[in-house]
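Peer 1: Dropping a structure here in structure tokens format, bear with me for questions.
The values are calculated or read from the model by the stated rules, or taken from the named source; none is laboratory data. Source: prediction; values computed, not measured. Virtual Cβ from ideal backbone geometry, glycine too; neighbours counted across all protein chains shown. Heads up: the accessible areas ignore ligands, DNA and RNA and are worked out on the full protein's heavy atoms, side chains in. Shrake-Rupley method; radii C 1.70, N 1.55, O 1.52, S 1.80 Å.
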Amino acid sequence: MNIPVLQQQVEEWVHWLAAYGADPAGGVTRLLYTASWAEAQQALEQKMKENGLDTYYDEAGNLYGRLASADAEEGTILTGSHVDTVKRGGKYDGAFGIVAGLLALRYLKENYGPPARNIEMVSLCEEEGSRFPLTFWGSTNITGTAPFHKIKQIRDEKGISFVEAMNEAGFGLGRYRNPRREDIVSFIELHIEQGAILERESIPIGIVEQIVGQKRYSISCIGEANHAGTTPMAWRADALRGASEMIVAIMDAADRVGAPLVATAGKIEAEPNVSNVIPNKTTFTLDIRHPQGDALDAFCEASIAACDTIARNRGLRLQVEKQLDARPIDMDAALARRIEAICREQGLSYKRMPSGAGHDAQIMAGQYPSSLIFVPSHRGLSHHPAEYTAEKDLAAGVRVLIQLLYELGYEKEAK
Ligand code: HGY
Ligand code: MN
Ligand code: MN
């Protein structure tokens, strides 16, 4: 394998894909079912075809590239990641796993011909939850665990409904395959670490053993609008003050509990959001993560109880909507051992580690043996325009993916 060529190619293709949704303010914004999302999928489909793969969409908008087995085997080995991004995100989050999958399948086809078992790559339609209050839409459609009941009610910030956006993009209209997959024998996701451990320890490959549990809430405080100048402090039902108190209380509690728990209030909206009116409604999001399910649940319960007490003390109504409850989950031990052996054979140092970030692999792991392989993130930066991974590290990840797919898809007895 010509490593310098591979290095140059993976960097080139990551930049090529980043052009779809390039944000004038910097970074990449490619939100589910938007024009930039559709253009990226169409461009990926074209590239998959140019590189000898059969392509198809499913009803959710997941895009597949297939390397069919020589003897119509049933099972399919699947690799890939998500094509959507956060707002003004980086070039590599999700996109690298898609580009790596395409490079790997092309290399395998060119060097070994049809595999013994089907190998597919997938550009998953959505993982981040950046446009609609719903995450992992691509992978939960594949596993049949998607919150189908929710999509009729949810809207984006412009008031566009999920179903409207999905239909507008051509999906959910019965034109494509049913997204549910029962034929997947293993799922492999190659992804940037989005943390600083691998770079700090100068290790090129992370073998994820477990992905933390993650709960997301949308919390609204409802008070009463009134005049900022004539309303005495004691007479106010100030929704923004209440929300601020709740956020500080939860963050202080997270400091007391300490690592590995993390808590983030990433988004806040106040109404009517003008300087001389006491806010009558404030909505904020809460993202809580922990590797142990019971610790995660206990912290969330205590947080909601604290919000309830503050709301009562301030004469506010509280609305709590749970948007995500992803349980902590282990990656497949046999696949991890196989990746370990590949790293040793290729002379690549590696580190077994947890993932603090959520990934499609955690949804897939609920149904199929799954693995998540990390490459270093420069300064641990991610969900940020300056997100970066060195070419040599990208190529090392692709080399490991190629060998893993070769062993699973070509070797007579996938050990
Ligand atoms: O939020 C996450 O952990 C992932 O990047 N969606
Ligand atoms: Mn992300
Ligand atoms: Mn990601």
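Peer 1: Could you give the length gained on full extension between ARG256 and ALA334, defined as 0.36 nm per residue of separation minus the Cα-Cα distance, in nm?
Peer 2: Numbers: separation 78, 0.36 × 78 = 28.08 nm, distance 3.70 nm.
Result for the pair: 24.4 nm of gain on full extension.
Peer 1: Find the relative contact order for the chain and round it to a whole percent, using C-alpha pairs within less than 8 Å whose residues are 6+ positions apart.
Peer 2: Details: 923 pairs, mean separation 93.6, N = 415.
Once divided by the residue count of the chain, the mean separation gives 23 percent.
Peer 1: How far is helix 391-409 tilted off the main Cα axis of the chain, in degrees rounded to 10, range 0 to 90?
Peer 2: The helix 391-409 is inclined about 60 degrees to the chain.
Peer 1: Taking H placed 1.01 Å from N in the peptide plane, check which residues at least 5 places from HIS383 or on another chain put their amide H under 5 Å from its amide H.
Peer 2: For HIS383, whose amide H was placed from the backbone, the distant partners under 5 Å are GLY90.
Peer 1: Label segment 162-239 by shape, choosing from rounded, prolate and oblate, from the square roots a ≥ b ≥ c of the eigenvalues of the Cα gyration tensor; if a/c is under 1.5 it is rounded, and otherwise prolate applies when a/b is larger than b/c, oblate when it is not.
Peer 2: Values: a/c = 3.66, a/b = 1.51, b/c = 2.42.
Since a/c reaches 1.5 but b/c is at least a/b, the shape of segment 162-239 is classed as oblate.
Peer 1: Once both axes come from the Cα atoms, what is the angle between helix 293-313 and the longest principal axis of the chain, in degrees from 0 to 90, rounded to 10?
Peer 2: For 293-313 against the chain, the angle is about 20 degrees.
Peer 1: Mind jotting down the distance between the C-alpha centroids of segment 262-323 and segment 349-415, whole Å?
Peer 2: Computed from Cα coordinates, the inter-centre distance equals 34 Å.
Peer 1: What number, rounded to the nearest 500 deg cm²/dmol, is the helix-based mean residue ellipticity at 222 nm of the chain, given -39500 (n - 2.57) per DSSP H run of at least four residues and division by all its residues?
Peer 2: Result for the chain, helices only: -11000 deg cm²/dmol.
Peer 1: Considering the chain as a Gaussian network with a 10 Å cut-off on Cα pairs, which listed residue, ALA68, ALA361, ALA104, attains the greatest mean-square fluctuation?
Peer 2: ALA68
Peer 1: May I pose another question? Along the Cα→Cβ direction, 7 angstrom out, place labels at GLU110 and ALA25. What is the inter-label distance in nm?
Peer 2: The two pseudo-label positions are separated by 4.0 nm.
Peer 1: Which residue, VAL83, VAL277, VAL28, has the most motion in a Gaussian network model of the chain that connects Cα atoms within less than 10 Å?
Peer 2: Of VAL83, VAL277, VAL28, the Gaussian network model singles out VAL277 as fluctuating most.
Peer 1: Taking Cα pairs under 8 Å and at least six residues apart, what relative contact order does segment 99-240 come out at, in percent?
Peer 2: On the way: 82 pairs, mean separation 17.2, N = 142.
This gives 12 percent for segment 99-240.
Peer 1: Could you go through segment 32-49 in sequence order and give the Karplus-derived ³J(HN,Hα) for each residue, using 6.51 cos²θ - 1.76 cosθ + 1.60 with θ = phi - 60°, rounded to whole Hz, and x for Gly and Pro?
Peer 2: 3, 6, 8, 4, 5, 5, 5, 5, 5, 4, 5, 5, 5, 4, 4, 5, 4, 5
Peer 1: Okay, moving on. Return the carbon/sulfur percentage of the accessible area of the chain, one whole number, probe 1.4 Å, all protein chains in place. Numbers along the way, then the final one.
Peer 2: Numbers: 8690 of 17410 Å².
Carbon and sulfur: 50 percent of the exposed surface of the chain.
Peer 1: Taking θ as phi - 60°, what are the ³J(HN,Hα) couplings along segment 354-363 by the Karplus curve (6.51, -1.76, 1.60), each to the nearest whole Hz, with x for Gly and Pro?
Peer 2: These are the phi-based 3J(HN,Hα) values: x, 10, x, 8, x, 8, 4, 4, 6, 6 Hz.
Peer 1: Assigning unit charges at the beta carbon (Lys, Arg +1; Asp, Glu -1) and nothing else, what dipole magnitude in debye, to the nearest 20, does segment 160-265 show about its Cα centre?
Peer 2: On the way: 10 positive and 14 negative charges, 63 e Å.
Rounded to the nearest 20 debye, it is 300 debye.
Peer 1: Could you provide, to the nearest whole Å², the per residue accessible area of segment 125-269 with probe 1.4 Å?
Peer 2: On the way: 6840 Å² over 145 residues.
Ligands and nucleic acids excluded, the result is 47 Å² per residue.
Peer 1: Cα axis of helix 333-345 to longest principal axis of the chain: angle in degrees, 0 to 90, nearest 10?
Peer 2: Taking the Cα atoms of the chain, the angle to 333-345 is about 60 degrees.
Peer 1: Taking the Cα centre of each part, how many Å lie between segment 123-171 and segment 87-115?
Peer 2: About 24 Å separates the Cα centre of segment 123-171 from the one of segment 87-115.
Peer 1: Follow-up question, since we're still on this one. Across 5 Å bins from the origin, how do the percents of Cα pairs in segment 213-326 run, short distances first?
Peer 2: For segment 213-326, the pair-distance distribution reads 2, 13, 23, 22, 16, 11, 7, 4, 2, 0.
Peer 1: Let me have the relative contact order for segment 37-156, percent, based on Cα pairs under 8 Å that are six or more residues apart. The partial results should precede the final answer.
Peer 2: Values: 198 pairs, mean separation 34.4, N = 120.
Averaging sequence separation for qualifying contacts and normalising by length gives 29 percent for segment 37-156.
Peer 1: Dividing the convex hull volume of the Cα atoms of the chain by its residue count, what figure in Å³ per residue is obtained?
Peer 2: Numbers: hull volume 58.1 nm³, N = 415.
Expressed per residue, the convex hull around the Cα atoms of the chain is 140 Å³.
Peer 1: Only Cα pairs within less than 10 Å get springs; with that Gaussian network setup on the chain, which residue of TYR57, TYR20, TYR112 has the largest fluctuation?
Peer 2: TYR112
Peer 1: Please give the residues of segment 265-294, grouped as numeric ranges, whose backbone N is less than 19 Å from a label point set 7 Å along the Cα-to-Cβ vector of GLN153.
Peer 2: Under cut-off, by backbone N: 282-286.
Peer 1: Name the shape class, rounded, prolate or oblate, that the alpha-carbon gyration tensor gives for segment 57-135, where a ≥ b ≥ c are the square roots of its eigenvalues, rounded holds for a/c under 1.5, and otherwise prolate holds if a/b is larger than b/c and oblate otherwise. Kindly include the intermediate steps, with their values, before the conclusion.
Peer 2: Working: a/c = 4.01, a/b = 1.93, b/c = 2.08.
Verdict is oblate for segment 57-135.
Peer 1: Let me ask something additional. When only alpha-carbon atoms count, how far does segment 93-178 stretch along each of its three principal axes, as whole angstroms with the largest first?
Peer 2: Taking max minus min along each principal axis of the Cα atoms, segment 93-178 gives 49, 28, 23 Å.
Peer 1: For the pair SER275 and ALA234, what calculated FRET efficiency results from E = 1/(1 + (r/R0)^6), where r is the Cβ-Cβ distance and R0 = 22 Å, to the nearest 0.05?
Peer 2: Values: r = 21 Å, r/R0 = 0.97.
Efficiency for this residue pair is about 0.55.
Peer 1: Would you kindly state how much longer the chain becomes between SER161 and ALA196 on full extension, computed as 0.36 nm times their sequence separation minus their alpha carbon distance, in nm to one decimal? Let's see the in-between values first.
Peer 2: Details: separation 35, 0.36 × 35 = 12.60 nm, distance 3.75 nm.
Result for the pair: 8.9 nm of gain on full extension.
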